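These notes are about the structure you will find just below.
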Amino acid sequence: MARIGSPVPDYRTLPDAEKEAFIFQRLQEWDAAMQRRDIARGITPYRAPVKTRTVPLPLELVFRPDVRGTYNSNKVTEDEDSIFCFFDFEPGTGSEEPVEDAWEMRDLFVRPEDPGWGPRLDGITLVYGRFGVGREDISVPSHKFPTPCHVLVSMQLLQEEFREWQSLIRAAMTTKMSTWPTLKEKFPAHKVDLLCEPMRLAVEWQDGRPVGIIRCSGILQALIATLQIDALMDAEYRFCACVGCPKSFKVKRKDQRYCDEDCKHRQVVRDGRERQRKAAQQPKSRHTERKSK
């Protein structure tokens, strides 16, 4: 390879196929040498300013499940690296209605498991479709499976995985996006990494204006999309402080603790009765006892 300052071969003697590559290489070497010279002299190379313009871009989340059904706890497949086990998803007779609001789905998903309120995984997938596809699908680490593994144990592991995802989504709803990586202290790292991955955004033209479209076919994709859109909009969510209420709500005031006035009234009445009960259980003072005598 010829260097700057060394004898340069006559490019006219080179074959036609090598002439263009030789000239381009020499220009690159010369440009690099000039940059090194300018840096040594303290000269900052000129860079033309990049002109940018900010335009409003409405966002639209489209959640269309591919198929509804349930996971079969008796059919488990191990991945190639023998790290995770996936469950076969079997189409069922679930709802055929399109999902219009992914936030309503999230509100149901994060409700704690309770006979009156909380959903099970089967109830969620029959209405909203498959949890995910590939690495986004619900899975259980291989080391958790005993050998041999009874179907009831497999079913319990699947439900525990579902509840862990519930807890992670609940935690992400009530924390800022910048602190999501710290959730690895309480939850598996691969789940938090999925949570922090930017959702795929497509720009489409509607009525002559650009619109950002996020398309989701799995439950996990839709959950993460709602969380990231809320973070982008600086929306803060909390869970109702009323005992027995599983709802989440968008914060409108800093001191807001309840989802509505009914829950606030119920909790105030409950706290008042609890204070009265504790006061009735306290022993009478000596002054009161002497006065009664």
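The values are calculated or read from the model by the stated rules, or taken from the named source; none is laboratory data. This is a predicted model, so every value here is computed, not measured. Quick reminder, even Gly has a Cβ in these numbers, built from the backbone with ideal geometry, and neighbours come from all protein chains shown.
Every residue, every condition in (1) surrounded by 12 or more Cβ atoms within 10 Å (Cβ to Cβ); (2) under 22 Å from residue 128 (Cβ atoms); (3) without any contact (Cβ under 8 Å) to a residue 24 or more places away in the chain; (4) in the same structural domain as residue 195 (by TED's automatic domain parsing), yes or no:
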{"position": "208", "(1), (2), (3), (4)": "no, no, yes, yes"}
{"position": "213", "(1), (2), (3), (4)": "yes, yes, no, yes"}
{"position": "219", "(1), (2), (3), (4)": "yes, yes, no, yes"}
{"position": "224", "(1), (2), (3), (4)": "yes, yes, no, yes"}
{"position": "248", "(1), (2), (3), (4)": "yes, yes, no, no"}
{"position": "254", "(1), (2), (3), (4)": "no, no, yes, no"}
{"position": "260", "(1), (2), (3), (4)": "yes, no, yes, no"}
{"position": "269", "(1), (2), (3), (4)": "no, no, yes, no"}
{"position": "272", "(1), (2), (3), (4)": "no, no, yes, no"}
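Would it be correct to say that residue 228 is in a helix (DSSP H, G or I), among the polar types (S, T, N, Q), touching a residue at least 12 places away in the same chain (Cβ under 8 Å) and not assigned by TED's automatic domain parsing to the domain that holds residue 129? So that I can check it myself, show each step before the final result.
Details: in a helix (DSSP H, G or I): yes; among the polar types (S, T, N, Q): yes; touching a residue at least 12 places away in the same chain (Cβ under 8 Å): yes; not assigned by TED's automatic domain parsing to the domain that holds residue 129: no.
For residue 228, the condition - in a helix (DSSP H, G or I), among the polar types (S, T, N, Q), touching a residue at least 12 places away in the same chain (Cβ under 8 Å) and not assigned by TED's automatic domain parsing to the domain that holds residue 129 - is not met.
I'd like the residue in the range 68-84 that is among the charged types (D, E, K, R) and not in a loop (DSSP other than H, G, I, E, B) and, out of all such residues, is farthest from residue 211 (Cα to Cα).
Restricting to residues being among the charged types (D, E, K, R) and not in a loop (DSSP other than H, G, I, E, B), the top hit is 75.
Results for (1) loosely packed, with under 11 Cβ neighbours inside 10 Å; (2) over 33 Å from the mean Cα position of the chain (by Cα); (3) in the same structural domain as residue 128 (by TED's automatic domain parsing); (4) assigned to a loop (DSSP other than H, G, I, E, B), shown as yes or no for each residue.
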| residue | (1), (2), (3), (4) |
| --- | --- |
| 26 | no, yes, no, no |
| 33 | no, yes, no, no |
| 36 | yes, yes, no, no |
| 49 | yes, yes, no, yes |
| 54 | yes, no, no, yes |
| 66 | no, no, yes, yes |
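Is it true that residue 277 is modelled with pLDDT under 85 and basic (Lys, Arg)?
Judged against the criteria, residue 277 is a match.
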